[in-house]
Amino acid sequence: MTLHRILLSYRDPNLAKSIVDKIKEYAAQIKDTVRIMNFCGTHEHTITYYGIRSLMPPNIELVAGPGCPVCVTPARIIDAAIKLALEENLTVYTYGDMYKVPGTKLSLAQAKGLGAKVVVVYGFNDAVRMATKNKDDSIFVGVGFETTMPTVASQLYIGKVPNNLAIIPSYRLTPPILKYMLNRGDIRIDGIILPGHVSTIIGVESWLFLEGKVPSVIAGFEPIDVLIAILMMIKQLVKGESRVENEYSRVVRFKGNEKARKLISKVFKVIDADWRGIGLVPNSGATLAEEFMHYDAFQKYDLKITNSVDIKPGCRCADIILGLAKPTDCPLFMKACTPETPYGPCMVSSEGTCHIWAKYGGYTEVKQ
């Protein structure tokens, strides 16, 4: 079977219908509403793009959580990059998703309009290559979850990063934010679609703390993957179980990518970290270990950023990130805040819930 045919099988409408029928069959045995939260922007994209919410029975609610790394990057990180670009004339290398995310006053895109040297790169390797060639003092805005950390770790560990390239580290770890969400008390989560990309790195074992607490399934990103994951969770709820299962077994292993995990542990150290709109979450961030601290832009340039503003007045990104509100609950959604003129961080990134709903109509009702 060709790769194309395999891919099509994960989008088969007849198979999807049979899974949805099973979901409805099991959901009918549950009296209460079931809130299933995803922790990955790509899962939210799949759910919205393929209209999966519209296929669910009335008592199954699919909720987006903090699965967008760009959305939860604190404004001070953007402010820091802009400060170094405008005041120190440094070149800033950044992911495309970060380019238009608002800082306290400006985005990197707006800073470029004021003369800042901002270069959009696909990944850290591009920044290393350009900095090595150009010799200019430069910084890389290091954001993301566990999936973006191995590339940075490998380049630093083998000594390929030039001295003229520093890093603004703002990496966030997924299991700690999930623990935080479960422990808050004001966020109801009855099932969790665990992130597939992150799990390829950290493995099934990193989620075992969820055993006995809430039904959780690591899922792939095709519509059939997501539907199967939902069915697996509903079955657990009917049986009164709370287990961690791996629907994405074709990619995710129990221990994940052990080489990548070892590299991460050597180059980074775990810290308490701020999440935009959420606040300080214990052990949820990663910064450079002491051996590599001379690459930290905050240390190298004695950088101090104060009075940053994460969430602007009227914006409900914080509640949306936490699953306490939907984009349509925000009075600015598709009015003062659109993909063309984003007001809050959730509207900028391709993984942001507001951006996804704005682009694909996650708030529309589809009649079956």
Helix 174-184: angle to the longest alpha-carbon principal axis of the chain, degrees 0 to 90, nearest 10? 60
Would you compute, for the Cα atoms of the stretch 101-189, the largest minus smallest coordinate along each principal axis and list the three values in descending order, in whole Å? 51, 36, 18
Computed lengthening from Asn307 to Glu25, 0.36 nm per intervening residue step minus Cα-Cα distance: 96.3 nm
Alpha carbon centroid spacing (whole Å) that separates the stretch 113-156 from the stretch 272-289: 21
One quarter of the C-alpha convex hull surface, i.e. the mean projected area of the stretch 82-125 in nm², amounts to 2.9
Residue by residue through the stretch 147-158, the couplings from Karplus 6.51 cos²θ - 1.76 cosθ + 1.60 with θ = phi - 60°, in Hz, x for Gly and Pro, are 5, 8, 6, x, 4, 5, 4, 5, 5, 5, 5, 8
Taking the Cβ of Ile82 as the centre, find all other residues whose Cβ is under 10 Å away and add up their charges (Lys, Arg: +1; Asp, Glu: -1). +1
Enumerate the calculated ³J(HN,Hα) couplings along the stretch 257-274 in order (Karplus 6.51 cos²θ - 1.76 cosθ + 1.60, θ = phi - 60°), each rounded to whole Hz, writing x wherever the residue is Gly or Pro. 9, 5, 5, 5, 5, 5, 4, 4, 5, 7, 9, 10, 10, 7, 9, 5, 9, 7
Could you pull out every Cys in the chain that lacks a partner Cys with its beta carbon under 4.7 Å away? Cys40, Cys315, Cys330, Cys337
per DSSP, antiparallel bridges as share of beta bridges in the chain, % nearest 5, sits at 20
I'd like the projected area of the stretch 115-162, averaged over all directions, using the convex hull of its alpha carbons. Report it in nm² with one decimal. 3.6
When His197, His355 are arranged by how many other beta-carbons sit within 10 Å of their Cβ, fewest first, they go His197, His355
Nearest 10, in degrees from 0 to 90: the angle of helix 124-134 to the longest Cα principal axis of the chain is 20
Cross-link reach list, aspartates and glutamates versus Lys266, counting only Cα pairs under 16 Å and skipping chain neighbours closer than eight places: Glu146, Glu258, Glu290, Glu291, Asp296
Using the reciprocal of the averaged 1/r over all distinct C-alpha pairs, how large is the Kirkwood radius of the stretch 163-226 in Å? 13.7
The stretch 271-344: which GluC sites (Glu not before Pro) are DSSP loop and have at most 16 other beta-carbon atoms within 10 angstrom? Glu340
Among Ala127, Ala336, Ala289: highest mean-square fluctuation, GNM of the chain, C-alpha pairs under 10 Å: Ala336
Kirkwood Rh in Å, taken over all unlike Cα pairs in the chain: 21.3
Debye equation applied to the C-alpha atoms of the stretch 255-368, log10 I(q)/I(0) at 0.09 Å⁻¹: -0.39
Please compute the Cα-Cα pair-distance distribution of the stretch 228-316 with 5 Å bins starting at 0, giving whole percents from short to long. 3, 10, 10, 13, 14, 14, 13, 11, 7, 4, 1, 0
Can you classify the stretch 9-87 as rounded, prolate or oblate using the Cα gyration tensor, where a ≥ b ≥ c are the square roots of its eigenvalues, rounded means a/c under 1.5, and otherwise it's prolate if a/b beats b/c and oblate if not? prolate
Please grab the % of Cα pairs in the stretch 110-247 that end up more than 27 Å from each other. 41
Within the stretch 76-230, what is the number of lysine pairs with alpha carbons under 17 Å apart, leaving out pairs fewer than eight places apart on the same chain? 11
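Every read-out reported here was derived from the displayed coordinates using simple, explicitly stated rules and does not represent laboratory data. As the structure is a computational prediction, the values presented were derived from the model and not from experiment. Cβ sites come from the backbone with ideal geometry, for glycine too, and all protein chains shown count toward neighbours.
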